[in-house]
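A.B. asks: Sharing a structure with you now.
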Amino acid sequence: MSGVKKLADASALRIRSFTALAATLLALGLFRLPGAPAAESPIRFALAWSPFHLENGETEDRHLPAAMAGGVAVFDYNGDGKPDLFFTNGANLSTLKKDDPKYSNRLFRNDGNDKFTDVTTAAGLAGTGYDMGVAVGDYDNDGHPDLFVAGLHRNTLFHNNGDGTFTDVTARSGLGRSLDPQYGPLWSVGAAWVDVNNDGLLDLFVVNYVQWNYEHEPRCSYAGRSEYCNPSFFKGLPSQLFLNKGDGTFEDVSEVWGVRSHVGKGMGVAIADFDHDNRPDLFVTNDTFYNFFFHNLGSKFEEIAFQTGSALAEDGNFISGMGLDFRDIDNDGYPDLFYVALANQTFPLLKNKAGKEFLDITGSTGMRRQTMPMSAFGGAIYDLDNDGWKDIFVTRGEVLSRSMPRTSIEQPNSVFRNLGASGSFQALTSEAGLDASGPARHRGCAFGDLDGDGKIDVVVTALNKDAEIWMNRSPGSAHWLDVRLVGTKSNRDGIGAAIEVVSAGGVQYNHMTTSVCYASSSAGPVHFGLGADSVAQSIEIRWPSGIVQKLENVTADRVIQAVERAAEK
C-alpha cells in the first residue's frame, strides 16, 4: 500500500505543478487550456491602426532614459467633442536634442470614424528635447486644455491658444528651471495638475526620477553585453510643487509645502481625497524605494506613507513602483490605490479603510497570484465593460532590453476584470483580444471614448514600436453615463471634484483627475458604467470649492455637462 500511496502522491504533485505552471502561463497570455471553450470575454478590445512610432533613442550602450520613454495624452484640444491624441517622443541621448524629424512629439486630431490627422506642425507641439511624460490641465481657466511636457533636463509648458495652436510659455511661467543647485540637472518623468489649496487655480506637481549624466553614467552588462542599470546605481531626486499665481506664472513651493525634503526615485503620481476632508492628497510611487503619501493639511503636506501602510508592498520589500491610479475600486466611497511593478514583485492593490489607513488586498483579491509573473509600467482603473465595477488595465513590458532566465522582456497588455461583490479580479489577455499586437515593451497609457459609443478605449505606447489604439468592443448593451465638469468657482476642469452616482443597481463613486497610468494623462469626462440601469436616480457632485450640486433622474447613455452653480451649497 505504501508504494501505491507514494505513486499517488507523486502524481498529485505533478498535477499541482502543472496546474501552477498553466496558471502562470495563462496569466502571461501565453497558453490556453486544450479544448477550452471559446466563450466571449465580457471585456474585449480590437486593435486599430496607429499613426505614431515611439523613437526612444536606444543604442547598444543602453542609456537608462531610453528605457523610460512613452507618455501619451487623450484630450480634446480643439473643443469639438472628439478626444485627440498627443504623444511624447525621445531625442538623441548624447545631445538631448530632436535632431531628426523622427523624434518629433506628435499631435493627432480625431476626425471621427477611426481616422486621425497629424496636426503637430500647425499646432506647434513638435518639441525640442528628450520628452518623457505629459499632463493635461487648463491652468488659466480659459476653457482650452494646456499641456505640460515633462522631460530629461528640460520641461515645457504649452499654452493652448484656442485656435488650434499652442505657444511655448515655459520661460514666462517659471516652470523652466531644469538645474537644481543641490541636485544638478533634473529628470522629470511625469506630472499632475491639482488644486492643492482649492483657490480655483490648478497647481502643478512634478515627479522627478534620478540624477543622470550622459558622460558619467554607470555601465552595466549581462552576458558580455550592455544592459540598463538598476536604479540603485543612481542617486534620487525630490519632486516639485508649483503654486499657480493666477497671472500665468508659478511659484516653486516645494520646500514650504514639505515636498523637497523627501528624496526618492519617482515614477508616478496620482491624486484623490483620501479622507474626505475636501483637500486633494498625493501618492507618489518610487522605483526600489519607499513610496510617498503626501497628506494635504491645507497649506502644506505631511508625508504619512508608513502611518497609512502604503510605503511598501505586502512583504515589506522594495519594489519597482511605477504607474498607478487612485480610485474607488469597491464602491465604498473611498479611493483605493493600485500600482504596478516588475516580475516577482506583484502589482499592489491597497484598500482605503475609511480614510485612516490602507489594507493590502493584493493576495485576497487574486491579484498577487495573477500578477507575480508579470512586469508592467502603467496601470489604470476604469469600468471597461460598464457593469458598474471598475476594472484594471495594465501596460506590460520589462525595463530590460534582452532576455534573461525566467524573464519575459516583451509582453502583451492585460486587463483585470472586477468581479464585483466577490472582491476578486480575473486576468484577461488573449481573451480580451490584447494579444493582437504581439508582445512589446509597453509604457504609457491614456483613456477616453474615442468613437463616442460609451465604452472606454485605450491608447498605449511601446518602445521602438507603433503605438497601440485599443478600441473597446466589449459585448453586451450595458448602460453608461459620462459627466463633463465645468468649474466656475473651482478650477475650470473640475479636477478634484468627487462624484456619487446612485442607480437601481447601487451606488458608485469616482472623481475628476487627468493623472493616470505612467507618464500619461486622460482628460475626458468622468465615466460611469450603469449595467442594466437606464437612469441614474441621482448624481451628487462635491466641487473643490465646497459647493455640493445634485442632479436627479438623469437618463443614461450620454455625456452630460455639469456647470458648477454657486447657489447650490
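A.B. asks: Compute the accessible area per residue over the chain, keeping the other protein chains in place, probe 1.4 Å, unit Å².
C.D. replies: Accessible surface, normalised per residue, equals 37 Å².
A.B. asks: From the list [x] 110, 57, 35; [y] 86, 62, 49; [z] 67, 58, 49, can you say which value of Cα extents along the principal axes in Å was derived from the structure given?
C.D. replies: From the options [x] 110, 57, 35; [y] 86, 62, 49; [z] 67, 58, 49, the structure gives [y].
A.B. asks: Full extension from Glu540 to Ser364: what is 0.36 nm times the residue separation minus their Cα-Cα distance, to one decimal in nm?
C.D. replies: Length difference between fully extended and current span is 60.2 nm.
A.B. asks: Given the alpha-carbon gyration tensor of region 365-443, what are the semi-axes of its equivalent ellipsoid in whole angstrom, ordered largest first, with each equal to the square root of 5 times an eigenvalue? Mind showing how you got there, number by number?
C.D. replies: Working: eigenvalues 116, 35, 20 Å².
Semi-axis lengths for region 365-443 are 24, 13, 10 Å.
A.B. asks: Tally Lys and Arg at +1 and Asp and Glu at -1 over the other residues with C-beta under 9 Å from the C-beta of Asn197: what net charge comes out? Kindly include the intermediate steps, with their values, before the conclusion.
C.D. replies: Details: positive: Arg279; negative: Asp195, Asp199, Asp203.
Once all neighbours under 9 Å are counted, the net charge is -2.
A.B. asks: First select every other residue whose beta carbon is under 11 angstrom from the beta carbon of Ala523; then total the charges, Lys and Arg +1, Asp and Glu -1.
C.D. replies: Numbers: positive: Arg484; negative: Asp76, Asp84, Asp138, Asp146, Asp493.
Local charge sum for Ala523: -4.
A.B. asks: Rounded to the nearest whole Å³, what is the per residue volume of the convex hull around the Cα atoms of region 345-484? Write down the numbers at each step before the final one.
C.D. replies: Details: hull volume 18.8 nm³, N = 140.
Residue-normalised Cα hull volume stands at 135 Å³.
A.B. asks: If the limit is 31 Å between Cα atoms, which of Lys102/Lys390; Lys300/Lys489; Lys351/Lys455; Lys82/Lys235 go over it?
C.D. replies: Violating the 31 Å Cα-Cα cut-off are Lys102/Lys390; Lys82/Lys235.
A.B. asks: In addition: At 222 nm, what value in deg cm²/dmol follows for the chain if DSSP H runs of at least 4 each add -39500 (n - 2.57) and the sum is divided by all its residues, to the nearest 500?
C.D. replies: Estimated from H runs of four or more residues: -2000 deg cm²/dmol.
A.B. asks: Multiplying the sequence separation of Asp111 and Thr488 by 0.36 nm and subtracting their Cα-Cα distance, what value in nm do you get?
C.D. replies: Additional length available on full extension: 132.7 nm.
A.B. asks: Taking Cα pairs under 8 Å and at least six residues apart, what relative contact order does region 393-491 come out at, in percent?
C.D. replies: 19 percent
A.B. asks: In nm, to one decimal, how far is the modelled label at Ser424 from the one at His53, with both set 7 Å along Cα→Cβ?
C.D. replies: 4.5 nm
A.B. asks: Fully extended, how many nm does the chain gain between Asp180 and Asp80 (0.36 nm per residue separation, minus their Cα-Cα distance)? The partial results should precede the final answer.
C.D. replies: On the way: separation 100, 0.36 × 100 = 36.00 nm, distance 4.03 nm.
The span from Asp180 to Asp80 would gain 32.0 nm if fully extended.
A.B. asks: Once you have the Kirkwood Rh of region 482-523 from its Cα pairs, apply Stokes-Einstein at 25 °C and 0.890 mPa s and quote D in µm²/s.
C.D. replies: Rounded to a whole number, D works out at 209 µm²/s.
A.B. asks: Average the reciprocal distances over every distinct pair of alpha-carbons in region 207-288, invert the result, and give the Kirkwood radius in Å.
C.D. replies: Working: mean 1/r = 0.0654 Å⁻¹.
Here the Kirkwood hydrodynamic radius works out to 15.3 Å.
A.B. asks: Something else now. Could you work out the relative contact order of region 295-360? I mean the mean sequence separation of Cα pairs under 8 Å and 6+ apart, divided by the number of residues, in percent. Walk me through the numbers on the way to the answer.
C.D. replies: Working: 96 pairs, mean separation 16.8, N = 66.
Taking the mean separation of contacting Cα pairs over the length of region 295-360, I get 26 percent.
A.B. asks: Compute the semi-axes of the equivalent ellipsoid of region 220-363, taking the square root of 5 times each eigenvalue of the Cα gyration tensor, and list them largest first in whole Å.
C.D. replies: Values: eigenvalues 146, 99, 28 Å².
The equivalent ellipsoid of region 220-363 has semi-axes of 27, 22, 12 Å.
A.B. asks: What is the percent carbon and sulfur in the accessible area of the chain, measuring with a 1.4 Å probe over the protein chains and ignoring ligands?
C.D. replies: Details: 10850 of 21220 Å².
Accessible surface attributable to carbon and sulfur in the chain totals 51 percent.
A.B. asks: Sticking with this one: What whole number of Å gives the distance from the Cα centroid of region 60-129 to the Cα centroid of region 317-334?
C.D. replies: Result: 28 Å between the Cα centres.
A.B. asks: Quick check: the distance between the Cα centres of region 393-461 and region 199-243, to the nearest angstrom?
C.D. replies: Between the Cα centres of region 393-461 and region 199-243 lies a distance of 25 Å.
A.B. asks: Would you tally the net charge around Gln537, using a Cβ to Cβ cut-off of less than 13 Å, leaving Gln537 out, and scoring K and R as +1, D and E as -1? Don't jump to the answer; show the numbers that get you there.
C.D. replies: Details: positive: Lys550; negative: Glu500, Asp533, Glu540, Glu552.
Net local charge, Gln537 excluded: -3.
The values are calculated or read from the model by the stated rules, or taken from the named source; none is laboratory data. Computed from a predicted structure; not experimentally measured. Neighbour counts run over all protein chains shown; Cβ positions are idealised from the backbone, glycine included. Ligands, DNA and RNA are stripped out before the accessible areas are found, and what is left, the full protein with its side chains, is counted by its heavy atoms. Shrake-Rupley method; radii C 1.70, N 1.55, O 1.52, S 1.80 Å.
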